Each structure stands twice: as C-alpha cells, then as structure tokens.
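Before any comments, here is the structure.
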Amino acid sequence: MRPLALYLHIPYCLSRCHYCDFNTYVLDGPQSREYVRALAAEIRHQGAALDAEQRRVETIFFGGGTPSLLPAEDLCALLEACRGAFRVAPEAEITLEANPETVMPEAFVALRRGGFNRVSLGVQALHAGLLQVLGRPHTPARATEAFGAVRAAGFANVNLDVMFGLPGQALRDWRRTLEGVVSLAPEHLSTYGLTIEEGTLFGRLHRRGALRLPAEDAHLTMYREALRYLPAAGYRRYEISSFARPGFACRHNLTYWRQGEYLGLGAGAHGYLGGVRSMNQRLPAAYISAVTRRGSAVVERENPSPVAQVEEALMLGLRLADGLHLAAVAARFGLPDPPIDPAVLARLTGMGLIEAGDGLLRLTEAGLAVSDTVITELAASLVLQPGICA
C-alpha cells in the first residue's frame, strides 16, 4: 500500500499575528460550524475519489490557523471522518497545532482520548514584550502553563515553535527563550527566523522603515546559537529549522521534505498526488460553497515540469541534515551522476558551504547560514539531459 499524509487546514484564529501571511481569519462561530461539516464532507469525498483502500495514511496534521480553537468534539469527529474514509495506520502520527491561550485541560484530555498523539504549540518567545510586538495574545507564563496542561493530558510527543530575528530582540532574549523551552523538555523544537511578508502588518511597517529588525549578522548569530545550544541539550538538528530528541522527528514534515504524497483538505490547502499539485479555494465561505455543491474545493491543479521536480528535490533534500543522495536524484530523473555541475560542487565545497560523503551532499554549518543562496546556486547548475523540459 502506498503511504499518504493528510493535512487538514483550520483557518480560524482569535486574532491575526503581525507577521502572519497564512490563510487565516478571525474566528466566526456560526461559519466555523459550517466549515467543520464541509471539511468532514470533503474528507469523505476525497477518500472515495482516491480509492483510499490502496493507500495507508501514516500521518495526519491539523494545521492553521489555530485548530485548538474548535471544540474538542469537532476535532475528534474530523479525525474519525479520516479514519472512516482512509486506511489510517494504527501507529499514525496525528498532530494538532495549538496556541497557548486556547489550551483547556479538559479539552486536551478529550483530544488525547480521541486519538491525537502529538501537539505543536506556538510559543514563539518567552519574553512578554516580544510577544506583544508579534501580536501574540499569550504571556510567557501562559505558554508554560499550557505546556503543562498538554503533558497532563497524556501527550508524550510535543513540539514547541520559537522564533528569532524579531524586532527589538537581542541575543540574550533569544538565549532566554531557548533555555526556557529546553527546561520544559519537549520532544521537538522548531526554530524559525522571522521573514517579512507582504500583506502583513510587519510588511507594511517594514516598507515605511518603521520596523527595527536585528542586523543580518545578529540574525545569523541567533541561528548559530540554536545550532550550538540545542544539540548540547540533546536535540539533534535533522532539518534546517527542526530539532528533535531521538525518535521524535516530525514524520509529517519529513513527507514534504522527501517529496512524499499528501492530500490537502480544507480552505486553501495544498496537495501533491501522482505528480500533480492541487490547491483548494482559499476563502472559507467559498470553500464551504464548493464542497456543498460538488464535494471538492480544488480550484487549481498543476503538473510540475521535470525540471521543476528536480529543482524541488534538490531544495527540499538539502534542508535535511542527512543531506541529499545525488545518485538517487540522478537515477530518478534520468540525469548524469552527479546531476550538478562538478565545477560548482568543487567551488562550494572549497568555500566550506557544502560537504559530500557516503554519496550524500549536505550543507555545512556555514552553508546553513546562507542556505537559500547555496541551494539556488546548486539548482541553477543542474546538468539537464536534452528533452528533460518536455
């Protein structure tokens, strides 16, 4: 049976954070109830259309937005809809994203009993002033309290999201956040550098020159601090931004980075099946209407060209600490081995940005700091066979 991952998008939040450009909206109670019904209907429709008997669902991820805003009974009902429409592996990783201000002890006990076994908690910072700058409604104390409630509910696999490179953030603030989250002993940590996106409050402030961001070297210093501190605390970096204790790497995200197949369900959700990419209606009202009319909300499908697939394999594979198996990429796409210009490989190796060993190509620590630039240059130097663009 072919492995499959499911992503369910819950687009509602209490408020919009100042940096967020995700497909999210302030909670609308009546609409959210319609949305849950539509999402359950889409799950059943897609399960039937996909011939789910030939698939084995290894991971399910409820993302957002803030899925934990929904009642626990609705979330458990959606999970049961997945089990009814697909063959879900008994050991499947089933993740719920949550924000600290929405963690209610009784609800999380019900979620654990209902089959959820992993929680990803959006802490972002353990500094009250920085949380206010980000537009986050919780406090450091509330984040700690929420983590305790998740643990007390029986969750033995918890991720904490934290951010660096924030407006007004100093290295000492970042160290305090790292020390604070490590003291809680989660199984997984995701460390994200702030990026300024168009259409956000931060984007507008940045255009006006009204956003005081750390200098580029300070941003890199914060990332290097995570690279130094977290492995020493027992967290292995397995992806550019992801650290985990042994056995707790996020299996769902690994599906994305390894170009595995996944089905996107919900407003604006993306999927990748049979080499075809799809995207659903973004607006919740339009999504609900589409599912009500035809069972599906897909509005866009794309067949990536072979070149695009090779470039994606390179970009995603190099995010992983284990690196990319160049011979496997060459064999998969019918390319020379190595599929990258040897002169470029030699130059980047000489600069200390990449390293090769055991047939794998990896970014070095220096390369991690400029990963986007290195990956872009490698992608531009692919050795393509005639006709591969067809």
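The values are calculated or read from the model by the stated rules, or taken from the named source; none is laboratory data. None of these values were measured; they are calculated from a predicted model. Reconstructed Cβ throughout: ideal geometry from the backbone, glycine too, with neighbour counts over all protein chains shown.
Please go through the range 47-82 and pick out each residue that is surrounded by 17 or more Cβ atoms within 10 Å (Cβ to Cβ), free of Cβ contacts under 8 Å to residues at least 60 places away in the same chain and either outside the structural domain of T24 (by TED's automatic domain parsing) or under 14 Å from L4 (Cα atoms) (or both).
G47, A52, R55, V57 - these are the residues of the range 47-82 that are surrounded by 17 or more Cβ atoms within 10 Å (Cβ to Cβ), free of Cβ contacts under 8 Å to residues at least 60 places away in the same chain and either outside the structural domain of T24 (by TED's automatic domain parsing) or under 14 Å from L4 (Cα atoms) (or both).
With respect to Q259, determine if the residue is at pLDDT below 95 and either touching a strand residue (DSSP E or B) at 6+ places or on another chain (Cβ under 8 Å) or among the polar types (S, T, N, Q) (or both).
Taking the combined requirement at face value, the residue satisfies it.
Of all residues being out of contact with any strand residue (DSSP E or B) (no Cβ under 7 Å at 6 or more places or on another chain), at pLDDT below 90 and of a type in the set (G, A, S) in the range 338-379, which is nearest to D217 (Cα to Cα)? Just the residue, please.
Among residues in the range 338-379 that are out of contact with any strand residue (DSSP E or B) (no Cβ under 7 Å at 6 or more places or on another chain), at pLDDT below 90 and of a type in the set (G, A, S), the one nearest to D217 (Cα to Cα) is A369.
Being small (G, A, S), under 24 Å from H252 (Cβ atoms) and out of contact with any strand residue (DSSP E or B) (no Cβ under 8 Å at 6 or more places or on another chain) is the filter here; which residues of the range 3-51 pass it?
A38, A40, A41, G47, A48, A49
Hey, any hits in the range 365-380 for a residue that's in contact (Cβ under 8 Å) with a residue 40 or more places away in the chain, loosely packed, with under 14 Cβ neighbours inside 10 Å and among the polar types (S, T, N, Q)?
The answer is no; no qualifying residue exists.
Say we look at the range 109-128 and pick out the residues that are touching a residue at least 40 places away in the same chain (Cβ under 8 Å) and in a loop (DSSP other than H, G, I, E, B); which of these is nearest to D74 (Cα to Cα)?
By that ranking, first place goes to G114.
Residue-by-condition table, conditions (1) assigned by TED's automatic domain parsing to the domain that holds E42; (2) hydrophobic (A, V, I, L, M, F, W, C); (3) more than 26 Å from the chain's Cα centre (by Cα):
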site	(1), (2), (3)
L320	no, yes, no
L326	no, yes, no
A330	no, yes, yes
I340	no, yes, yes
L345	no, yes, yes
A356	no, yes, yes
E365	no, no, no
V370	no, yes, no
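Which one of these is of a type in the set (F, W, Y) and free of Cβ contacts under 8 Å to residues at least 60 places away in the same chain: Y229, Y223? Outline the logic, then answer.
Values: Y223 fails: free of Cβ contacts under 8 Å to residues at least 60 places away in the same chain.
Result of the check over Y229, Y223: Y229.
Give the residues of the range 134-172 that are among the charged types (D, E, K, R), closer than 22 Å to P231 by Cα and either in contact with a strand residue (DSSP E or B) (Cβ under 9 Å, 6 or more places away or on another chain) or not assigned by TED's automatic domain parsing to the domain that holds G115 (or both), sorted by residue number.
Across the range 134-172, the qualifying residue is only D161.
With H219, H188 as the choices, which residue is under 30 Å from E91 (Cα atoms) and either crowded, with 16+ Cβ neighbours inside 10 Å or among the aromatic types (F, W, Y) (or both)?
Every option except H188 fails the conditions.
Just to verify a result, which residue in the range 47-74, among those that are outside any helix (DSSP H, G or I) and modelled with pLDDT under 95, is nearest to R113 (Cα to Cα)? Before you say what the answer is, go through the steps one by one.
First, the residues of the range 47-74 that are outside any helix (DSSP H, G or I): 50-51, 55-66, 70-71.
Now narrow it down to the ones that are modelled with pLDDT under 95: 50-51, 55.
On the way: L50: 29, D51: 29, R55: 25 Å.
Among those that are outside any helix (DSSP H, G or I) and modelled with pLDDT under 95, it is R55.
Name the residue that is surrounded by the most Cβ atoms within 10 Å (Cβ to Cβ), counting only residues in the range 7-46 that are assigned to a loop (DSSP other than H, G, I, E, B) and polar (S, T, N, Q).
Across the range 7-46, the extreme among qualifying residues is T24.
Within the range 284-337, track down each residue that is at pLDDT 95 or above and of a type in the set (S, T, Y).
If the condition is that a residue be at pLDDT 95 or above and of a type in the set (S, T, Y), then Y287, S289, T292, S296 are the ones that fit.
Going by the structure shown, is L326 buried (at least 20 other Cβ atoms within 10 Å of the Cβ) and out of contact with any Leu (no Cβ under 7 Å at 6 or more places or on another chain)?
no
May I ask you to list the residues in the range 129-145 that are touching a residue at least 60 places away in the same chain (Cβ under 8 Å) and either under 14 Å from G165 (Cα atoms) or surrounded by fewer than 18 Cβ atoms within 10 Å (Cβ to Cβ) (or both)?
First pass over the range 129-145, keeping only residues touching a residue at least 60 places away in the same chain (Cβ under 8 Å): 133-137.
If the condition is that a residue be touching a residue at least 60 places away in the same chain (Cβ under 8 Å) and either under 14 Å from G165 (Cα atoms) or surrounded by fewer than 18 Cβ atoms within 10 Å (Cβ to Cβ) (or both), then V133, L134, G135, P137 are the ones that fit.
When only residues in the range 276-296 that are in contact with a strand residue (DSSP E or B) (Cβ under 8 Å, 6 or more places away or on another chain) and hydrophobic (A, V, I, L, M, F, W, C) count, which is nearest to D28 (Cα to Cα)?
A290
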